[in-house]
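What follows is one structure encoded as structure tokens, with my remarks underneath.
Rule-based calculations on the coordinates, nothing more; no lab input. This structure is a prediction, so every number in the text was calculated from the model and none was measured. Here the Cβ positions follow ideal geometry from the backbone for every residue, glycine too, while neighbour counts run over all protein chains shown.
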Amino acid sequence: MTSFILRAATGYLMPLLLLLSVFMLLRGHNEPGGGFIGGLLAAAAFAFHALAWGPRATLELLRADPRTIIAAGLAAALLAGVVAAAAGEPFLTAHWLPIALPGVGKVGTPLLFDVGVYLVVVGTTTLILLTLGED
Amino acid sequence: MELLLAVVVGGLYASGLYLMLRRSLVKLLLGLVLLGHAANLLIFSAGGVVRGEAPLVAPGEITPPPGAADPLPQALILTAIVIGFAVVSFAAVLARRVFEVTGTDDPAAMENGS
Amino acid sequence: MSSGWIVLLPLLAPLAAAAAGLLAWRAPRIQAALGIVGAGAQLAAGLGLLQQVLREGVQAVQLGSWPAPFGITFAADLLGAVMVVVTGVIGLAVTVYSLADIDPGRRAFAYFPLVQVLLAGVAGAFLTGDIFNLYVCFEVLLMASFVLLALGGERAQMAGALTYVTLNLVSSALFLAGVGLTYGITRSLNMAELHLRLGVVAESRPELVLALAGLFFVAFGIKAAVFPLYTWLPASYHTPPVAVSALLAGLLTKVGVYALIRVLTLVFPPLPGVGTFLLAVASLTMVFGVLGAVAMFETRRILSFHIVSQIGYMVMGLALVGSDSPAVRAAGLAAAVLYIVHHIIVKANLFLVSGIAARLGGSFQLARVGGLAAAAPWLALLFLIPAGSLAGVPPLSGFWAKLAVVRAGLAGEAWWTVAAALGAGLLTVLSMVKIWTEAFWKPAPDTATPPPPAARWRLALLAAPSLGLAALTVAIGLYPRPLYELARRAAEQLLAPSNYVAAVGVATAHDSARGDGKGGQ
Amino acid sequence: MLSAMIAGLLVAAVLAPLAERRLGLWAAPVLAALPAAFAAVVLLNFPRGGGVALTEVRPWVTDLGAELAFALDGLAAVLALLVAGIGALILIYAGGYMAGKATRGRLLAYLLAFLAAMLGLVLADNVVTLFVFWEATSVVSFLLIGFDHHKGESRAAAVQALLVTGAGGLAMLAGLILAGQAASDLGLAGTEAWRISAWATVDLRQHPHYFPTLLLILAGAATKSAQWPFHFWLPGAMAAPTPVSALLHSATMVKAGVFLLARLSPHLGGTPEWGWLVTSAGVVTMLVGAGMALGQRDLKRILAYTTVSVLGTLTMLLGVGTELAVKSAVVLLVAHALYKAALFLVAGNVDHGTGTRDITALGGLARHLPWTFTAAVLAALSMAGAPPMFGFVGKELLYTSKLDLEALGAKLVIAAVIANIALVAAAGMVAVKPFLFRRREPPHPPHEAPASMLLGPLLLGLAGLFVGLVPATFDRTLGPAMAAAILGREVEMKLKLWHGLSVEALTVLVLSTVTVAGGVGLFLVLRRRMATARRLLEHASRVGPTRAFNASLAALPKAADRLSRLVQTPSLGRSLSVIIAATLSVAAPSLILLGRPSLPAGLTEVQLHEVALAVLILAGAAMAVVFPKRLAAVVALGLSGIGIALLFALFSAPDLAMTQIMVESLTVILLALLFAHLPPSPERSSRAERLGHALLAGAAGVVMALFVLVVVPGSFPPSTSEYFLAESFSAAHGRNVVNVILVDFRALDTLGEITVVALAGLGVWALLRLKLGNDRGGEP
């Protein structure tokens, strides 16, 4: 019974939470928010899903294994730093695209870096929760 | 306000350390968490506190308003909170495993043999 | 200014190897290969960096191109560069050893990437010029060591890991508090700038600076395992697989010693009474560490206590910066640097060798093994070199390290500390002899349960890194001049922080009129 | 040249096992050619008078005063001749002695390494070079004494020798460094200060550190040369194979201490401190050694104790330090080297030919081992100081040199006569008792040793006779050169068997006669009363330093354990308390010295809701402390965390507030998940302990609060943050300065942070899934 309600609620809540998390990530450069908070929100979404449908289902939904997500996040953050090498500048020197996206602002390597943060947080939190849940 | 913050920081340190000195795994963890809070608040107070002026650049401006809070301690604390969280999560699971393996939650009772 | 990638590479190479390894988390073989590549690249980068520092002086880079003191600075002086090279050496040796030593279970749980992250964190700690970033690097290497220590979840490991984790977290909390207060007082995190500003603060409020230094001392003292803060070390270092022990034993406490050196020579101005205080700490560390070792009859435990004891010698060298004589200060620091390098190589190797011995003899308990001198003469030789070096037998590396420390101590008239050093030296001989006579000379007892013979390739893989480290020990022993010269120059650099400050460039980027003239010692 | 020759020996040592496998029986003679060549080179370059024939200086670590420096003066030359010459004979002997044993190659290797170390030591002219070779002799002798390491006795003896000589070595290291620093203080520049020969140009005795320097160096010499009370390791070292004992206890290692005294006496000797310390150590050792020798039944132990006695005599002579005493020491040292090596080899032959070294089981062997007996008689006569042997010349000179010394001399002479009577008796026990008298039944039917094992003892025995008969071979060449090096000035030497009829000469002759007669008498008594002598000795050694040493070595682990446990406890709480106390003790005094914290001028006033928040935070913390139920405590903790988040929000830190809220909730959930179902844990500390903990924690809280108060923010404009505030939007394109710091200005911190986060995740995963050794093996 509770699981039915939970499942129903999750159906609405999850997309909302995921959307919010991406929103938080993207606006972080200009308003309070950022990759870490966004990542935690996304993880909360997956946590609800796991609670409702079980960890296996969540893993299937995720498509990528949490460990891969963590690694991808680290790699993204590193990549954001290494871009500067092409210009002969020190590690982590920011590079920006000339255009600005509406609502996000300028797009550049710091955003990629923040995406890396987001991914690591999502991956780690889901890894912990799912491992605990399966235990 | 600084005085009040000092009292809070001191209180958090005292209760955190006291908890860690109890012979109980869970209290050890609670103590660790409080110790983290204490350190964060310490940085916060040492950096100087400002009411209601977040270090944000308002649309149309190019700098935050004069008198805005120092953003650097905030960034440091944010990093510290996240690191602290990660570390405490690991420590908590470790403590749980220690309990499973040794069958006691008294840290003093597990002389690490071999 | 050059883009300074060479300063970052010792950190980035293993970190990238770790990230790539985690992407291939289903393939431990790839992770192992990446581990070798990462450690090798770190070593190569470290050597390149060292060469550049030797040629051109302190190398600094501003991450993100943000000028000092605002962005994070990475700066390599001779001390940092030398430490990074040694890190690479140990990283490579331990990774190769792990190929044959680490079980499939641990491999499947990202053992090799974890080692890479540890190496990256250690290199970061040696190179960063930012005090908060130092905290972050410490957390990186600590977290990696936590997981490595607990990986496998065996009973002894669990209890040891709990002590290790808890006490190191307390250390981190103290360190963090110290950083926060430092920022509050100086409004800066850049170590070069802190050098200028804390010097100014010390003039008006010396007690405040001293109290702050106290916090840093305890925080780093725990990590360095000095008396009486070392208890976590003997409680934990003997529990994980021996490759992990070797890595931690070789590198981690030395990061603490490094931080003490860095903070006391660069960040803080000369403080009254610190020399005497450190001499007392050094003496007690040497003596109590070695007493613990004398009481033990398990190889890894003996070796663990000796780490503590040997840390005392390094602190003793550092303590001499409190001397009035510039010559003594330089000699003391040079001795400390020499000791660190020697000890990292030798202690890691002793753990590696003890692992082989336990594999052949069936146990780390001295009562349960024996006869190894006859059964494996090559191993006997492999043990004698690092053991003799640790005991200070000439002409191995440890002899020169001890000679340098004792010489500096006598020149600084630190009579009691020298006496402690010599006494602890004798008991160190006793400990090494104990392992030797029990495990190698004594006939194997009836209770011995030698495991089935290991494959030749496995033994070769285990012996190769150990042999390499032993060769280094002998080479340093026979031809110590280059290393001592390096240590001496590193010490000179440390004692003249203005070079470091100038290389970082805070004095020019930033109006620090009040800091003028406060640079030197 | 010199270093190349030493290196050659080391290379030969490394190759010895290989050579042994290839050449078999011929390996030993071939390898013996190396030290023989060494001896030849020394002879060819023998220094004239007080001069130096060969020198060699190579830089090593100049800044540490280390050079590889060698100098061949008279002292070095004579000792090098003894070491290399006897060494060559012993290598040949060892080849025969170890025939058919698998360990022969290893023994030859050790022996060669030992020779290299010893030659390096006597030739060294730099203190670090000296010390390096000094320690090398200790280490190789450790391996040699423990050669038969399957025997517990051998292992114990090896450890004992290493510890005793090692302790002395460490003291000596400090002493040598002090001496070098003193020389440097006195004006010697650079590495000159660390060159022993250069010390002649300054007077180290003038330096304020003279006395500690002397004491430390003497400690090294005394342990190495087995002076009382450090003598006991030497008889213990008899566990070594016979050729080893011979080498160690005749010419070489034990002489190293005496050599050091001789080497340094021109620089450190001649003071009352030197005289008293060295002479008295020597006298006591001489008497103790002689006495102990009489109670032994093992041939080698008898020899070992007589060695102790002779070393005492030599030390005493160097302590006295007059020209006559030094000359006498020179003669005695060489004579002793020759006869003692011969006697050890004889003992080896007896052991080899009969299977025992117990003199109570030996008798009437002369018929079966005629050549060994011949060698034994030659050597024993020299040892007993009977004319016309070299030993006789030595003893005469010894007595003469004491008579020089007025009041003190008389006492020393009496002591020397007593000791020598015992030595004569001991010589009888070793060289007469096993060969004459009634035949006993040893374990094996007795047989003579092969030629390789007879060459050494016979040559050495004959050498003693030869030098006694033709003293010119010594007193024109080796003797004066060595004495000159010790005294630091040219000397003349005249040795003769017959001294004429002066009062002095007659006195000496009478003393000699008394010695020999007394010794023979004592031997005859002792031969029948061995058991009594042994019992007496056992009683005496109950209080000796041997026992003290063994007892302390045995007690050491337990005592160390107890001391170590003062700090090292299994209790996590104790460790934490120590850390807190340490923090308090380093930080609190300075903070208190700062005086009452003067509150910053621009103190922000407090608003009511802020007080409420503070109360909430503290109350949460307090409830976490007092609530016995886990879940309640965890929730209280969360409350405190939420309070902090609100505080962040109030004080301009929205990012912090959001992060704190989320992290806090996750922490609470995690802790609840992990620990809700655990059984409650009782309070395990006593009231007193709790009070102590509360005080400690409270004090720490006060100190940290004080820290907050004394920090005056903003006293250092311009701050780093001003740059961030100014550049965040214009240079880094972000309006949220905190976020810009995190992803751009200080992105490396964040990179580190996410690495930590990633590892924590992997760690949790591994902790929960990989359980080796407890339950089933882990699957990822």
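Across chain A, Cα pairs under 8 Å and at least six residues apart give a relative contact order of 28 percent. Of the residues A:88, A:28, A:73, the one that moves most in a GNM of chain A with alpha-carbon contacts below 10 Å is A:88.
Remark: the Cα gyration tensor places the range C:392-500 in the oblate category, a/c being 1.5 or greater and a/b not exceeding b/c. A helix-only calculation puts the protein assembly as shown at -24000 deg cm²/dmol for mean residue ellipticity at 222 nm, using -39500 (n - 2.57) for each DSSP H run of at least four residues, averaged over all residues. Loop-located trypsin sites (Lys or Arg not before Pro) in the range D:20-84 (DSSP state other than H, G, I, E, B) with a sparse environment of at most 11 neighbouring Cβ atoms within 10 Å are absent. Going by neighbour counts of Cβ atoms within 10 Å, the residues A:12, C:97, D:110 line up, fewest first, as A:12, D:110, C:97. In order along the range C:438-446, the Karplus-derived 3J(HN,Hα) couplings, from 6.51 cos²θ - 1.76 cosθ + 1.60 at θ = phi - 60°, round to 6, 7, 9, 8, 4, x, 4, x, 5 Hz, and Gly and Pro are given as x. For the range B:1-29, backbone nitrogen atoms closer than 19 Å to the point 7 Å from residue D:611 Cα along Cα-to-C-beta are found at B:1-11. For chain D, a simple Cβ point-charge model (Lys and Arg +1, Asp and Glu -1, everything else neutral) yields a dipole of about 3520 debye relative to the Cα centre. Which shape class applies to the range A:1-73: rounded if a/c is under 1.5, otherwise prolate when a/b exceeds b/c and oblate if not, where a ≥ b ≥ c are the square roots of the Cα gyration tensor eigenvalues? Note, shape of the range A:1-73 comes out oblate. Only Cα pairs under 8 Å and 6+ residues apart enter the sum, and on that basis the relative contact order of chain C stands at 16 percent.
In chain D, if the dipole is taken from +1 on Lys/Arg beta carbons and -1 on Asp/Glu beta carbons about the Cα centre, which of D:94, D:258, D:321 is farthest to the positive end? So the residue we want is D:94. Taken over the protein assembly as shown, the alpha-carbon convex hull comes to 176 cubic angstrom per residue.
Working note: Karplus 6.51/-1.76/1.60 with θ = phi - 60° gives the range D:625-630 the couplings 6, 8, 5, x, 6, 4 Hz, where Gly and Pro are set to x. Within the range C:198-240, list the residues whose amide N lies under 16 Å from a label point set 7 Å along Cα→Cβ of residue D:566. Of the residues in the range C:198-240, C:227-231 have backbone N under 16 Å from the label point off residue D:566. If you take the Cα centroid of the range D:31-48 and the Cα centroid of the range A:45-103, the two points sit 77 Å apart. With the biggest extent put first, the Cα atoms of the range A:2-134 measure 57, 29, 20 Å across the principal axes.
Taking square-rooted eigenvalues a ≥ b ≥ c of the alpha carbon gyration tensor, is the range D:599-678 rounded, prolate or oblate, where a/c under 1.5 means rounded and, failing that, a/b exceeding b/c means prolate? Judged from the Cα gyration tensor, the range D:599-678 comes out oblate (a/c at least 1.5, b/c at or above a/b). With a threshold of 19 Å on the Cα-Cα distance, the over-threshold entries among D:255/D:340; C:223/C:254; D:340/D:433; C:347/C:434; B:27/D:771 are B:27/D:771. Of the trypsin sites (Lys or Arg not before Pro) found in the range B:1-68, the ones in coil according to DSSP and having at most 16 other Cβ atoms within 10 Å of their Cβ are B:51. Applying both filters, DSSP loop and at most 13 other Cβ atoms within 10 Å, to the chymotrypsin sites (Phe, Trp or Tyr not before Pro) of the range D:458-504 gives D:498. Comparing B:35, B:76, B:56 in a Gaussian network model of chain B (Cα springs below 10 Å), the most mobile by mean-square fluctuation is B:56. At what distance in angstrom do the alpha carbon centres of the range C:411-479 and the range C:76-139 lie from each other? Going from one Cα centre to the other spans 24 Å.
The eigenvalues of the Cα gyration tensor, multiplied by 5 and square-rooted, give chain D an equivalent ellipsoid with semi-axes of 74, 32, 27 Å from largest to smallest.
A cut-off of 5 Å between modelled amide H atoms, ignoring neighbours fewer than 5 places along the same chain, links residue D:736 with A:30, A:31, B:57. Spatial offset of the range D:352-411 relative to the range D:627-646 amounts to 90 Å, using the alpha carbon center of each. Rounded to the nearest whole Hz, the Karplus-based 3J(HN,Hα) values (6.51 cos²θ - 1.76 cosθ + 1.60, θ = phi - 60°) of the range A:87-97 follow the sequence 8, x, 10, x, 3, 6, 5, 6, 10, 10, 6, with x at glycine and proline.
For chain D, averaging the sequence separation of C-alpha pairs within contact (under 8 Å, six or more residues apart) and dividing by the residue count gives a relative contact order of 10 percent.
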